[in-house]
Amino acid sequence: MNSVAFLAIAIITLSGALAAATLPKLIHAALSLVIVFVGVAAYFFLLGAEFVGLVQIFVYIGAVAVLIVFTILLTRRDSVNDRGVNWGGVIVALAVFGGLLWIILNTTSLALPAPQTEPLTVKQIGESLMTNYVWPLQCVGLVLTVALIGALILVMEEKRER
């Protein structure tokens, strides 16, 4: 893996994550989250997992991020109040980060070489989804459709109350 590309993607991804967590305007934070999704997709491309990188772009940037932005725009509130820093959340986040870092550094599986596997093609993945995993795929589609309809109903009810 190219170290320069890795560091550049890391800086961009971490900057986007920091911006998403600290920006006061919610729409700016959501757009910063899109930068994080692009960084994660870039890591997949750097690792040679092009299919997963494209799925990351299509699903998270093309669907989830757009849904978040539309939700923010539809449910925007005009109240402007500065909440300040949530120190309890900062402490919990640092504790979780420290625990995960300790677990990662103390694992023995990092020293083991990765097993050699034959790379999957998009055709093989598609055939597997449409033969062995049809029901889970349909269930995921149904859950996402119900969630979208539920979000629209909540927004419509909120508009009527105003």
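The values are calculated or read from the model by the stated rules, or taken from the named source; none is laboratory data. Given the structure is predicted, the values throughout are model-derived calculations rather than measurements. Positions of Cβ are generated from backbone atoms using ideal geometry, with glycine treated the same way; all protein chains shown enter the neighbour counts.
Tabulated values for the structure
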{"quantity": "For Ala21: the one exception among (1) at pLDDT 85 or above; (2) outside any helix (DSSP H, G or I)", "calculated": "(2)"}
{"quantity": "Every residue from region 11-63 that is small (Gly, Ala, Ser), more than 26 Å from Gln124 (Cβ to Cβ) and touching a residue at least 24 places away in the same chain (Cβ under 8 Å)", "calculated": "Ala30, Gly39"}
{"quantity": "Val52 vs. criteria surrounded by 14 or more Cβ atoms within 10 Å (Cβ to Cβ) and either at positive phi or within 12 Å of the chain's Cα centre (by Cα) (or both)", "calculated": "no"}
